[in-house]
Amino acid sequence: MIDSTRSTSKVGLALAGGGPEGSIYEIGAVRALDEALESLAAVDPRQARIVELRYFTGLSVAEVAEVEDISPTTVKREWRTAKLWLYRELLRR
């Protein structure tokens, strides 16, 4: 049930990259995600950078680890934490 809600909610679609392309809904979701990512960068720049590298450029965990000169385990932990933080932030909007 939770997965179903996530997949159809604004937050779930924004994080999954879904939704009707070019729609007002998609533009609003992208704007909300951008604002949430800016807020995350103010709190934790490394997590924001990891989100940018994973979500927007599609780098793998190993590639992000190499680019950022951190361990893959750290990338996984920071990625997981950042996604939760963004999810919570997007729910507030």
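The values are calculated or read from the model by the stated rules, or taken from the named source; none is laboratory data. Nothing here was measured: the structure is a model prediction, and the numbers come from that model. Here the Cβ is made from the backbone with ideal geometry for all residues, glycine too, and neighbour counts use every protein chain on show. Ligands, DNA and RNA are stripped out before the accessible areas are found, and what is left, the full protein with its side chains, is counted by its heavy atoms. Shrake-Rupley method; radii C 1.70, N 1.55, O 1.52, S 1.80 Å.
Just a few scattered comments:
- The listed residue being surrounded by 15 or more Cβ atoms within 10 Å (Cβ to Cβ) and closer than 16 Å to LEU90 by Cβ, out of VAL61, VAL51: VAL51
- Residue match in region 69-79 (condition: open to solvent by 90 Å² or more (accessible area, probe 1.4 Å) and on the phi > 0 side of the Ramachandran plot): yes
- Options LEU40, LEU84, LEU33; residue that is crowded, with 17+ Cβ neighbours inside 10 Å, modelled with pLDDT of 95 or more and within 14 Å of the chain's Cα centre (by Cα): LEU40
- Pairs linking a residue in region 76-89 that is part of a helix (DSSP H, G or I) to a residue that is acidic (Asp, Glu) and open to solvent by 100 Å² or more (accessible area, probe 1.4 Å), with Cβ atoms under 7 Å and 6 or more positions apart or on different chains, do not occur.
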